[in-house]
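A short reminder: the numbers here are calculations on the coordinates, not readings from a lab. This one's a predicted model, so the numbers in the text were calculated from it and none came from an experiment. Virtual Cβ from ideal backbone geometry, glycine too; neighbours counted across all protein chains shown.
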Amino acid sequence: MLEKYINSKFLNSEKLEEIKVKYINAKPFPHIELDNFFNNEIINKIKDNFPDLEKFHSYSRSTINEKKFGLEDQNKFPTVINDFILFLNSQSFLKILQKISSINEILIPDPYLVGGGLHQTKKGGFLKIHSDFYQHQNLKIDRRLNLLLYLSDNWKKEYGGHLELWNKYMQKCEKKIFFKFNKLCIFSTDNFSFHGYPDPIICPNDISRKSIALYYYSNGRPDKDKIKEMPNITNWKNRENKKEVYNKYKLKDHLRKISFFRKINNFLK
């Protein structure tokens, strides 16, 4: 199965070890970008079968924070895309992610694709800088990894839509990952894994930013108490000297930043 989907040059232990070292040491947080990690033949089929999510979506978002479309319902995926996502959630692929990320806890896929699945952003769309929810709302397991696979070919740098990784103090973008066909991005998630493509893309009307997004979890995490300082929702962040996002926090979201109140809440649970 691995050989069907993954470029053979990535399937030897020395190469995976090299990727692992780069991943662990990457700044501003552990991540890796890999060109042509998957076999081009498969990814071309996926690209050719990618539906127009403006017409066929699970959700459409157009807010101050984001403007894009998403499809989470696997029953509505074309067969070639569905089969590929089943592979990305398989035991064989999870072992590769475990190796690359060096996460000690066993990784768990999300069969419900909450927030993931297929993503599409058209001209004028964007995703402001943010960190993600840290726990699956239904399964109550801890989010650890994001996987993004870019699918649009003939994408020019001037169109924008490139993934920005910001430091924990939101002072600067420390890494920009250019949007490119069959580029795989994997990164670890916590309160400070700030990322997004915050500026509206300027591609032609007949082109769009298409990607597959999958999230992986574990039952427990080493920074469990610390990460609960933030609400279990998407936390949007303003870039320096800009007021461009809105967070709808409640009183309990502010109280959770105080250790004493978190201890009381944990006791009552």
Selected from N39, Q135, L107, residue furthest toward positive end of dipole (the chain; charges at beta carbon): Q135
Calculating mean projected area of the Cα convex hull in nm² from this structure picks out, from (i) 17.3; (ii) 14.5; (iii) 13.3, entry (ii)
Normalised contact order of the chain, rounded percent, pairs of Cα under 8 Å and 6 or more residues apart: 23 percent
Please list the non-local residues whose amide H lies under 5 Å from the amide H of F179, H modeled 1.01 Å from N, same-chain partners needing a gap of 5 or more. H162, L163
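Report, as a whole number in µm² per second, the diffusion coefficient that Stokes-Einstein gives for segment 151-258 at 25 °C and 0.890 mPa s using the Kirkwood radius over alpha carbon pairs.
Details: Rh = 16.3 Å.
Estimated diffusion coefficient is 151 µm²/s.
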Answer in debye to the nearest 20: the dipole magnitude of the chain about its Cα centre, from +1 Lys/Arg and -1 Asp/Glu charges placed on Cβ, is 1020 debye
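Please compare each pair in K27/K55; K9/K122; K55/K156; K76/K228; K67/K226 to a cut-off of 27 Å on the Cα-Cα distance and tell me which ones are over it. Mind dumping the intermediate values first?
Values: K27/K55 38 Å; K9/K122 34 Å; K55/K156 25 Å; K76/K228 34 Å; K67/K226 30 Å.
In this structure, K27/K55; K9/K122; K76/K228; K67/K226 exceed 27 Å between Cα atoms.
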